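Chemist: Here it is, the structure, as C-alpha cells.
The values are calculated or read from the model by the stated rules, or taken from the named source; none is laboratory data. Everything numeric in this text was worked out from a predicted model, so none of it was measured. With ideal geometry, Cβ positions are generated from the backbone for all residues, glycine too; neighbour counts draw on all protein chains shown.
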C-alpha cells in the first residue's frame, strides 16, 4: 500500500521544468514569453527517518540505508518578469543543504535520542559531511536559438544570479565511538567546520556577511516529437564570506552527564581552533539530463536524472493533455522511491511528491503561476 493511495491524490502536467527531483532554475523556461512569473519549489528528504521524525528528535521508526545516508533540503522561490526582447529579470530566494553520513553515525544518534540500549563493545564509525547555504538576490536569464533547421532547433539559456548570503554550513566530522555498556559510550572525532550557526556544540557566534554570484546553463535540442535537454545550476558560483566562524577541533567524551534513565547525554569536550576567517564557499553544481518523446497527439513520455555531488537521482514519467487544456502526469523517482503527481491548467502548475501516505521520508512541492502580457 506504499503508493496505492498516493496515486489517487492528484494528477498533473509533467512539465519539463519540474520533472526532476531538485529545485532548479531553468533559463529556457524563465525566458519563454513576455510574462509575470512566480515559482515556489521545495524538497525535504531523509533516509534514516520520516520527515516528521526528522523535526521531532527522531522519535519514530528507523530505516537507514546500509551505505551512504542522505539528508537533503532544497528550496527556491523565483519572482520576476520576462520580455520578448530583453529576457527575464527577477528576485530569487534559495535555501539548500546536502548532508552525507553513514549507517553507524545515524544509528548512534537514533539510539541516544530514543534511549535505545547500546551493544557493549560495539564500535561506531562516525562520518558526517554537510554543504549548504541560504541566500537571496537577483536573477537574469536569456534564451538564444543559435541553430534552427528542418530537423530541429537548438536552444540555449543562460542565467546569472547576484547573491547575498544569509547563512551557511560547510564541513565534516570524522571519528569513532565505542559502547562501554548498554547506556554509555566513549567517542572521539575531528571536525573541520565553517558555519553561521554552530549545530555541533553550543557556541554563540556573530553572523557573517556574504556576497557572491552564480550561473546557470540550459541546452535543449527539439524536433517535432522529441527533445533532449541538459540543465546545470551553479555551473560557476561562489559566496565570499567575511568574518565567518570557523572551528577545527577535537570533539571527545571526556566530560559526561546522564539523563534520568541513566543514558549518557551528548556533552562534548572541545579542544582546538575557533576563530573568524574570510572564506569563499564554492556552490555545488546540480545537473539534470532529460529526454522526452511525444506519443500520439496528447501523451508525453519523459526520462532523465538529476546529478548532485556524485549521486544520481533517476526518474521517469508520463503526461497527458486533455482537449480542454488540462494537463496531468505521474512520475517516479528511484533514489528515494518517490512519486510526483502533477496538474497544470492555464497559467497554474502544481505538483506534489511523496513516498508514503502516513510516514513519508521525502516531501516535495512545486507551485508556479505565469501571467502572459
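Chemist: Considering only residues that are under 22 Å from residue 327 (Cα atoms) and surrounded by fewer than 15 Cβ atoms within 10 Å (Cβ to Cβ), look in the range 274-293 and name the one that is farthest from the chain's Cα centre (by Cα).
Modeler: Result: 293.
Chemist: Within the range 221-265, can you find the residues that are outside any strand (DSSP E or B), closer than 22 Å to residue 182 by Cα and in contact with a strand residue (DSSP E or B) (Cβ under 9 Å, 6 or more places away or on another chain)?
Modeler: 253, 254, 255, 256, 259
Chemist: Please go through the range 113-132 and give me each residue that is buried (at least 19 other Cβ atoms within 10 Å of the Cβ) and more than 19 Å from the chain's Cα centre (by Cα), ordered by number.
Modeler: Answer for the range 113-132, where residues must be buried (at least 19 other Cβ atoms within 10 Å of the Cβ) and more than 19 Å from the chain's Cα centre (by Cα): 118, 124, 126, 127.
Chemist: Return yes when residue 159 is touching a residue at least 60 places away in the same chain (Cβ under 8 Å), in contact with a helix residue (DSSP H, G or I) (Cβ under 9 Å, 6 or more places away or on another chain), in a strand (DSSP E or B) and buried (at least 21 other Cβ atoms within 10 Å of the Cβ) and no when it is not.
Modeler: Considered against the rule, which asks whether it is touching a residue at least 60 places away in the same chain (Cβ under 8 Å), in contact with a helix residue (DSSP H, G or I) (Cβ under 9 Å, 6 or more places away or on another chain), in a strand (DSSP E or B) and buried (at least 21 other Cβ atoms within 10 Å of the Cβ), residue 159 comes out as yes.
Chemist: Residues to consider are 310, 296, 346; find the one that is more than 26 Å from residue 47 (Cβ to Cβ), without any contact (Cβ under 8 Å) to a residue 12 or more places away in the chain and surrounded by fewer than 15 Cβ atoms within 10 Å (Cβ to Cβ).
Modeler: Answer to the check: 296.
Chemist: Could you count how many residues in the range 107-121 are out of contact with any helix residue (DSSP H, G or I) (no Cβ under 9 Å at 6 or more places or on another chain) and either closer than 14 Å to residue 234 by Cα or part of a loop (DSSP other than H, G, I, E, B) (or both)?
Modeler: 5
Chemist: From (1) under 26 Å from the mean Cα position of the chain (by Cα); (2) part of a strand (DSSP E or B); (3) crowded, with 16+ Cβ neighbours inside 10 Å, pick out the condition that doesn't hold for residue 174.
Modeler: Of (1) under 26 Å from the mean Cα position of the chain (by Cα); (2) part of a strand (DSSP E or B); (3) crowded, with 16+ Cβ neighbours inside 10 Å, only one is false for residue 174: (3).
Chemist: Let me ask you something else. In this structure, is residue 94 modelled with pLDDT of 95 or more, surrounded by 17 or more Cβ atoms within 10 Å (Cβ to Cβ) and in contact with a helix residue (DSSP H, G or I) (Cβ under 8 Å, 6 or more places away or on another chain)?
Modeler: Judged against the criteria, residue 94 is not a match.
Chemist: So, one more: When residue 135 is evaluated against the numbered criteria (1) buried (at least 18 other Cβ atoms within 10 Å of the Cβ); (2) farther than 30 Å from residue 38 by Cβ; (3) under 27 Å from the mean Cα position of the chain (by Cα), which criterion, by number, is the only one it fails?
Modeler: Of the numbered conditions (1) buried (at least 18 other Cβ atoms within 10 Å of the Cβ); (2) farther than 30 Å from residue 38 by Cβ; (3) under 27 Å from the mean Cα position of the chain (by Cα), the odd one out for residue 135 is (2).
Chemist: For residue 329, indicate whether it is at negative phi, assigned to a strand (DSSP E or B), out of contact with any helix residue (DSSP H, G or I) (no Cβ under 9 Å at 6 or more places or on another chain) and surrounded by fewer than 18 Cβ atoms within 10 Å (Cβ to Cβ).
Modeler: no
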